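Asker: Have a look at this one before I ask anything.
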Amino acid sequence: MYELPKLPYSYDALEPHIDAETMRIHHTKHHQGYVDKLNVALEKHPELFKTPIEDLLRNINRAPEDIRGQLINHGGGHLNHSFFWKVMAPEKKDMLSEFMDIKEEFTKAAMSVFGSGWTWVVADHAGKLSVITTPNQESPLMQNLKPVLGLDVWEHAYYLKHQNRRADYIEAWWNVVNWSEVENNLK
Ligand code: MN3
């Protein structure tokens, strides 16, 4: 069974950039919801609990059809959020030099997501970096791309503090990017 991972910091650790109430609801309600619904889906095919969710998403076309949509939504939701918590940190760190150019493109892409989704910096098999967006909870792994940095641009990630002002949320979020974790992801 999948479980909600602990946050690597307290709910108020990212204040004032990301507020404690948003973090608490995002983690204990939204992420927990994905975990619970992923478990419910997998109970229909319990043998799949043995396969890491990463592998199920990489080979999503081979997953049982009756739970494929749930694996994409709830498996992706669980994986994306687990990744998201780790690419943020309370301690301000210097941006990696290769991200100076990417920042503007990433911000534009995050602003362009229509409805709910994510913006990513991903690496392909050759290690080439690019910026992509995915709708809803789709994981870059479904395109055989490895996430290096990711931003949740669902309204639940910012509406309490910023209401409709997504640009303010994105700008605030750059202050809490965990560049040492991003560097690990690059390697
Ligand atoms: Mn979210």
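Asker: Could you point to the residue in G117, L160, A89 farthest towards the positive end of the chain's charge dipole, with +1 and -1 charges on the Cβ of Lys/Arg and Asp/Glu respectively?
Answerer: G117
Asker: For the chain, which whole percent of the accessible surface, found with a 1.4 angstrom probe, sits on carbon and sulfur atoms? Write out the running numbers ahead of the final one.
Answerer: Details: 4800 of 9460 Å².
Reported share for carbon and sulfur atoms: 51 percent.
Asker: With a probe of 1.4 Å, find how much accessible area the stretch 19-187 has per residue, and write the answer as a whole number in Å².
Answerer: Details: 8230 Å² over 169 residues.
Heavy-atom accessible area per residue stands at 49 Å².
Asker: How high is the FRET efficiency from H125 to N175, r the C-beta distance, R0 22 Å, rounded to 0.05?
Answerer: For H125 and N175, the calculated efficiency is 0.10.
Asker: Expected output is a single nm value to one decimal: the length gained when fully extending between D55 and N184, i.e. 0.36 nm times separation in residues minus the C-alpha distance. What is it?
Answerer: 44.4 nm
Asker: What distance in nm separates the two pseudo spin-label positions at I132 and E21, each 7 Å out from Cα along the beta-carbon direction?
Answerer: Roughly 3.6 nm, to one decimal.
Asker: Within the set of other residues whose C-beta is less than 13 Å from the C-beta of H125, count the net charge using Lys and Arg as +1 and Asp and Glu as -1.
Answerer: Around H125, the surrounding residues sum to +2.
Asker: Once a ≥ b ≥ c are taken as the square roots of the eigenvalues of the Cα gyration tensor of the stretch 117-187, is the result rounded (a/c under 1.5), prolate (a/b larger than b/c) or oblate (a/b not larger than b/c)?
Answerer: Oblate, because a/c is 1.5 or more while a/b does not exceed b/c.
Asker: Taking H placed 1.01 Å from N in the peptide plane, check which residues at least 5 places from V148 or on another chain put their amide H under 5 Å from its amide H.
Answerer: Those qualifying (amide H under 5 Å, at least 5 residues apart or on another chain) are V121, V122, A123.
Asker: Would you kindly compute the Cα radius of gyration of the chain and its largest Cα-Cα separation (Dmax), both in Å?
Answerer: Every Cα atom of the chain included, Rg and Dmax give 16.1, 46 Å.
Asker: To continue, here is another question. Treating only the Cβ of Lys, Arg, Asp and Glu as charged (+1, +1, -1, -1), what charge dipole size does the stretch 19-187 show about its Cα centre? Round to the nearest 20 debye.
Answerer: Around 160 debye, computed over the stretch 19-187.
Asker: Now a separate question. What net charge is computed for the residues neighbouring S112, neighbours being all others with C-beta under 11 Å from the C-beta of S112, Lys and Arg scored +1, Asp and Glu -1?
Answerer: Details: positive: K108, R166; negative: E105.
Every neighbour counted, the sum reads +1.
Asker: Quick one: if the Förster radius is 41 Å, what FRET efficiency do Y159 and E91 give, using the C-beta to C-beta distance and rounding to 0.05? Before the final figure, lay out each step's value.
Answerer: Values: r = 26 Å, r/R0 = 0.64.
Efficiency for this residue pair is about 0.95.
Asker: Moving on. How tilted is helix 76-86 with respect to the longest principal axis of the chain? Cα atoms for both, answer in degrees (0 to 90, nearest 10).
Answerer: 40
The values are calculated or read from the model by the stated rules, or taken from the named source; none is laboratory data. Because the structure is predicted, anything quoted here is derived from the model rather than measured. For neighbour counting, all protein chains shown are included, and Cβ atoms are generated from backbone atoms with ideal geometry for every residue, glycine included. Accessible surface areas use protein heavy atoms only, side chains included; no ligands, DNA or RNA. Shrake-Rupley method; radii C 1.70, N 1.55, O 1.52, S 1.80 Å.
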